[in-house]
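Trainee: Got a structure for you, questions after.
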Amino acid sequence: MWYVSTRGVAPRVNFEGALFSGYAPDGGLFMPEELPQLDRETLCQWSTLSYPGLVKELCALFIGSELLPKDELNGTSGDTGSAAIESVQGAKNMDIIVLLPKGHCTKIQELQMTTVLKQNVHVFGVEGNSDELDEPIKTVFADVAFVKKHNLMSLNSINWSRVLVQMAHHFFAYFQCTPSLDTHPLPLVEVVVPTGAAGNLAAGYIAQKIGLPIRLVVAVNRNDIIHRTVQQGDFSLSEAVKSTLASAMDIQVPYNMERVFWLLSGSDSQVTRALMEQFERTQSVNLPKELHSKLSEAVTSVSVSDEAITQTMGRCWDENQYLLCPHSAVAVNYHYQQIDRQQPSTPRCCLAPASAAKFPEAVLAAGLTPETPAEIVALEHKETRCTLMRRGDNWMLMLRDTIEDLSRQWRSHALNTSQ
């Protein structure tokens, strides 16, 4: 399995090359050169698997067995910062650098990251939003020699491996929701995807392309660039990022839409490169009619206000005694819209990306009582460590300096060990 950049200039790489990277050297995102096709028999076999089992089968499709034997493909995806920290804290041969948008995630989310004091964990609180903190990361990864010298990789959905694992959400949702696999053709399931950077949307679209019978709905908050793109072909920035209760989706630059555009254009890297370079230059693109038509056929969209989020959280609690997080509520709001209009419905799954326990402010705003697990309460009393990246600081330089300092420490340690 080979991987190519959506912009078509960078040389192709194997899975290892895509994994140990961020953006491709030409500024694009890595994608499989060819997509496998799943037949009915395979889907029927997979329908009995556990979630980890599905992850393993999907990864095996996209990773050569010579690189990673199938038996070693256990693990999964989670809340990017804290899950990444959890997976590598204390590891001997890896350091992790996390940039969190200071003031743009909840106190609990910050504490999950800043209370990990292991020596190999380095957390920066950036005085900016998620789009702004992506800029220094993208600039660092554009320096190919620097990336190779320091063995860098990204762990958010810039990285293909994150999107690959998220595909399992869609397969698992499908098998949970479909009444039977005995019908011809296989039944359709609608999957509602709350999204910010569009990694989970890209994962769902790839799942659809390789044979999973799902219909996709993308649900966003008031930061509605994806909604405007689906409805009008208007892929352009608003004046500013809007702060909402669904804070992890407060994103104006959904970089994984580049993967979607590439797939919609029939893997046409010239079209994709032209679109994305224009967007980077002018922050505004009107999709070509044919591309917009394909997008609106493939995806339905909805944009949800804070008021609708809290109403949805309250309604779900009243009807089901289930406490939604605000991001999950963005998806469930679409479901309520459909049933209130008495629209004929296929089976529908709303993806729920987080626990409501992380968002007590939103729970209170919905007039509900947050349930706070003991381990989260305990975070309040732990020591924290976080380096501030202030507005006016050179964030890219701070990031490079940190990486270079860590490399020097590694080299010094290796030298001392060998002596």
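Trainee: Based on alpha-carbon atoms only, what is the radius of gyration of the stretch 179-235 relative to the globular estimate 2.2 N^0.38 Å?
Mentor: Numbers: Rg = 13.4 Å, N = 57, 2.2 N^0.38 = 10.2 Å.
Its radius of gyration relative to the 2.2 N^0.38 Å reference: 1.32.
Trainee: Still on this model: So what's the projected area for the stretch 72-196, the Cα convex hull averaged over all directions, in nm²?
Mentor: Working: hull surface 43.4 nm².
That works out to 10.8 nm².
Trainee: Compute from the Cα atoms of the stretch 207-338 the Rg and the Dmax, the latter being the longest Cα-Cα distance, and quote both in angstrom.
Mentor: 16.1, 51
Trainee: Per the helix-only calculation at 222 nm, which mean residue ellipticity applies to the chain, given -39500 (n - 2.57) for every DSSP H run of n ≥ 4 and division by its residues, nearest 500 deg cm²/dmol? Kindly include the intermediate steps, with their values, before the conclusion.
Mentor: Details: 18 runs with 196 residues, N = 419.
Value at 222 nm, helices only: -14000 deg cm²/dmol.
Trainee: Taking the Cα centre of each part, how many Å lie between the stretch 371-407 and the stretch 148-162?
Mentor: For the stretch 371-407 versus the stretch 148-162, the Cα centre distance is 19 Å.
Trainee: Distance from a point 7 Å along Cα→Cβ of residue 386 to each backbone N in the stretch 132-176: keep the residues under 18 Å and list them by number.
Mentor: Under 18 Å, as judged by backbone N against the label point of residue 386, lie 132-134 of the stretch 132-176.
Trainee: How many percent of the accessible area of the stretch 18-108 is carbon or sulfur, using a 1.4 Å probe?
Mentor: 51 percent
Trainee: Can you give the accessible area per residue of the stretch 310-399, in Å², using a 1.4 Å probe? Walk me through the intermediate numbers first.
Mentor: Numbers: 5100 Å² over 90 residues.
For the stretch 310-399, the solvent-accessible area averages 57 Å² per residue.
Trainee: Can you figure out the FRET efficiency of residue 215 with residue 148, using R₀ = 30 Å and their beta-carbon distance, to the nearest 0.05?
Mentor: Approximately 0.10, to the nearest 0.05.
Trainee: Write down the Å³ per residue value for the convex hull defined by the alpha carbon atoms of the stretch 264-419. Intermediate values should be presented prior to the final figure.
Mentor: Details: hull volume 44.7 nm³, N = 156.
In the stretch 264-419, the Cα convex hull volume per residue is 286 Å³.
Trainee: For the stretch 264-412, what % of the accessible area comes from carbon and sulfur atoms, probe 1.4 Å? Working shown, then result.
Mentor: On the way: 3930 of 8430 Å².
Roughly 47 percent of what the probe reaches on the stretch 264-412 is carbon or sulfur.
Trainee: Check which residues have an amide H placed less than 5 Å from residue 350's amide H, if you skip close sequence neighbours.
Mentor: Distant-sequence amide H within range of residue 350: 192.
Trainee: If you take every DSSP beta bridge fully contained in the chain, what fraction is antiparallel? Give it as a percent rounded to 5.
Mentor: Values: 7 of 30 bridges.
The antiparallel proportion sits near 25 percent.
Trainee: OK, next. Once you have the Cα-Cα distance between residue 274 and residue 342, take 0.36 nm times their residue separation minus that, and quote the gain in nm to one decimal. Please report the intermediate quantities before stating the final value.
Mentor: Details: separation 68, 0.36 × 68 = 24.48 nm, distance 4.22 nm.
The span from residue 274 to residue 342 would gain 20.3 nm if fully extended.
Trainee: How far apart, in nanometres, would the label points at residue 407 and residue 182 be if each is projected 7 angstrom from Cα along the Cα-to-Cβ direction?
Mentor: Between residue 407 and residue 182, the label points sit 6.2 nm apart.
Trainee: On average, how much accessible surface per residue is there in the stretch 43-151, in Å², for a 1.4 Å probe, leaving out ligands, DNA and RNA?
Mentor: Numbers: 5280 Å² over 109 residues.
Ligands and nucleic acids excluded, the result is 48 Å² per residue.
Trainee: Using a basic spin-label model with each label point 7 Å from the Cα along Cα→Cβ, how many nm lie between residue 297 and residue 20?
Mentor: According to this spin-label approximation, the distance is 4.1 nm.
Trainee: Moving to a separate point now. Taking GluC sites (Glu not before Pro) that fall in a DSSP loop and have at most 12 other Cβ atoms within 10 Å as cut points, what is the longest piece of the chain between them?
Mentor: On the way: sites that count: 33, 34, 66, 239, 371, 380, 383.
The longest uninterrupted stretch comes out as 67-238.
Trainee: Let me ask something additional. Over the Cα atoms of the stretch 214-270, what Rg and Dmax result, in angstrom?
Mentor: My reading of the Cα-based Rg and Dmax gives 12.5, 38 Å.
Trainee: If you count the DSSP beta bridges with both ends in the stretch 167-304, what percent of them are antiparallel, to the nearest 5? Write down the numbers at each step before the final one.
Mentor: On the way: 3 of 14 bridges.
Percentage antiparallel, nearest 5: 20.
Trainee: How much length is gained on full extension from residue 289 to residue 88, taking 0.36 nm per residue of separation minus their Cα-Cα distance?
Mentor: On the way: separation 201, 0.36 × 201 = 72.36 nm, distance 4.52 nm.
Gain in length upon complete extension: 67.8 nm.
Trainee: In whole angstrom, note down how far apart the Cα centers of the stretch 211-279 and the stretch 17-73 are.
Mentor: Cα centroid of the stretch 211-279 versus Cα centroid of the stretch 17-73: 23 Å apart.
Trainee: Can you give the percent of C-alpha pairs in the stretch 276-359 whose distance is more than 20 Å? Please list the in-between numbers first.
Mentor: Details: 1713 of 3486 pairs.
Value for the stretch 276-359 (Cα pairs over 20 Å): 49 percent.
Trainee: Another question about this same structure. Quote the accessible area belonging to residue 108 in square angstrom, nearest 10, computed with a 1.4 Å probe and with ligands, DNA and RNA left uncounted.
Mentor: Rounded to the nearest 10, that gives 10 Å².
Trainee: Okay, next question. Under a plain spin-label model, where a point goes 7 Å from the Cα along Cα-to-Cβ, how far apart in nm are residue 240 and residue 394?
Mentor: Taking the simple label geometry, residue 240 and residue 394 are separated by 2.8 nm.
Trainee: Given the stretch 23-157, what count of lysine pairs have C-alpha atoms under 25 Å apart, with each pair 8 or more places apart or on different chains?
Mentor: Total qualifying Lys-Lys pairs in the stretch 23-157 comes to 11.
Trainee: Using only the Cα atoms of the chain, construct the convex hull and provide its projected area averaged over every direction, in square nanometres to one decimal. Working shown, then result.
Mentor: On the way: hull surface 87.2 nm².
About 21.8 nm², averaged over all directions.
Trainee: Counting only protein heavy atoms, what percent of the accessible surface of the stretch 152-249 is carbon or sulfur at a 1.4 Å probe? Intermediate results must be reported in sequence, preceding the final value.
Mentor: Details: 1520 of 3020 Å².
Carbon and sulfur together cover 50 percent of it.
The values are calculated or read from the model by the stated rules, or taken from the named source; none is laboratory data. Bear in mind that the values here come from a model prediction, so they are computed numbers and not experimental data. Note that each Cβ is placed from the backbone with ideal geometry, even for glycine, and that neighbours are counted across all protein chains shown. Just so you know, the surface numbers come from the protein's heavy atoms only, side chains and all, with ligands and any DNA or RNA stripped out. Shrake-Rupley method; radii C 1.70, N 1.55, O 1.52, S 1.80 Å.
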